Amino acid sequence: MENSMCFGRERSKNFWIKRILFVPIATAAGLFIFGSVVMLLWNALLPGILGAGTITFWQALGILVLSKILFGGFPGKHGRRGFHRHGYDIREKLSNLSPEEKEKFKKEWWDKFENKTKQL
């Protein structure tokens with residue numbers, strides 16, 4: 001029994017050591033790939049289409065950061081957790097409804113969906 005517990009601890013240590021090494025390498029590889037893709041696409045398309053100048057790899061990374069700030073935002077108070085929490089609240093409310101109330105709720109939502117699709 002002692003050996004299996006020791007093996008479990010060793011396995012856990014190895015897992016965390018590998019993870020500590022893998023995360024920075026994967027992050028650097030991702031930044032390199034995304035930065036290169038942005039640079040190549042920019043340099044291949046925009047000078048011919050808009051007459052924009054070519055950019056370097058570091059400028060491409062800057063564009064990625066700028067686009068994250070402008071369009072992606074940062075996780076926080078209204079980030080992913082808030083979205084999932086909202087879904088949990090709805091599920092919790094639905095679980096407290098009687099079967100008749102659930103059917104009424106489904107019918108109302110289905111009617112709204114049908115009206116929206118008819119408008120399209």
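Here are some notes:
- Yes/no for Ser12 being at pLDDT 90 or above and in a helix (DSSP H, G or I): no
- Pairs are defined by a Cβ separation below 9 Å, a sequence spacing of at least 6 or placement on different chains, a first member in region 104-117 that is of a type outside the set (A, V, I, L, M), and a second member that is assigned to a helix (DSSP H, G or I); the pairs so defined are Phe105/Leu94.
- Beta carbons closer than 6 Å, at least 6 apart along the sequence or on distinct chains, pair a first residue in region 27-49 that is farther than 16 Å from Ser67 by Cα with a second that is among the aliphatic types (A, V, I, L, M) for Leu46/Ala52.
The values are calculated or read from the model by the stated rules, or taken from the named source; none is laboratory data. The model shown is predicted, which means the values in this text are computed figures rather than measured ones. Note that each Cβ is placed from the backbone with ideal geometry, even for glycine, and that neighbours are counted across all protein chains shown.
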